[in-house]
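Data first, discussion second: the structure below is written as structure tokens.
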Amino acid sequence: LTVTDVVPGGTSAGMSNLTMIPALIGGLMSAVLSFLLVKKNLANRIVAIVAGAVLAGLIGAAVLGPWFGVLDGSYWLTAFGLMMGALAVGLTISGLATLIGPAGLGLGALTIVMFGNPWGGFMAPTEFLADPWGSIGAHMPNGTVISLIKSINFFPDASTGNQWLTLVIWAFCGLALLLAGIALQKRKANKLAAPVA
């Protein structure tokens, strides 16, 4: 019987689950800061969220890879995976906030953190969680990032197309919410500025 160490260096599954933290923190921070600081040109929120996602990916991959040695797979693929995770989280939360106001900020953050973390495989593999919650959590940005980063670093031959597609869908949905919120706010501003007949 041959035993293969699927996590080089003895890295635990629990430690590998922590790899989604840069994407989660990067997405949350960029969403909150862009909502609080960018008031006038709302389109700049998108730029701020993209910039935050890029930083989260580059720094997160460097810390988890070359610096601490938790991940030894492709740096650039890991960085891009974290970027996409942060982008999905940031755009979704900022989109909700732009569309329905500060309540959307709280709703998005609570959904991602309070539901996405426990049911996305942060503490236990999603296969061990009760359905349908485990299946739903696996397709949240959190669960998708965990699965994607594990595949990139520990199972490089595994297919990752579904994970990339899931993150892209989350990012596009968040972008759609944000653009809808911007359009709604512009419409309200135009109504207020219109002269009364």
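Return only the number of the condition from (1) under 25 Å from M29 (Cβ atoms); (2) touching a residue at least 60 places away in the same chain (Cβ under 8 Å) that S147 does not satisfy.
With respect to (1) under 25 Å from M29 (Cβ atoms); (2) touching a residue at least 60 places away in the same chain (Cβ under 8 Å), S147 is out only on (2).
Taking the condition open to solvent by 50 Å² or more (accessible area, probe 1.4 Å) and over 14 Å from the mean Cα position of the chain (by Cα), does F128 pass?
Spelling it out, F128 is indeed open to solvent by 50 Å² or more (accessible area, probe 1.4 Å) and over 14 Å from the mean Cα position of the chain (by Cα).
Is it the case that some residue within segment 153-170 is in a helix (DSSP H, G or I), touching a Gly at 6+ places or on another chain (Cβ under 6 Å) and under 21 Å from G65 (Cα atoms)?
Yes - at least one qualifying residue is present in segment 153-170.
The values are calculated or read from the model by the stated rules, or taken from the named source; none is laboratory data. What you see is a predicted model; the values in this text were computed from it and never measured. Cβ: placed from backbone, ideal geometry, glycine included. Neighbour counts: every protein chain shown. Each accessible area value is taken on the protein alone, full model and side chains, heavy atoms only, with ligands, DNA and RNA left out. Shrake-Rupley method; radii C 1.70, N 1.55, O 1.52, S 1.80 Å.
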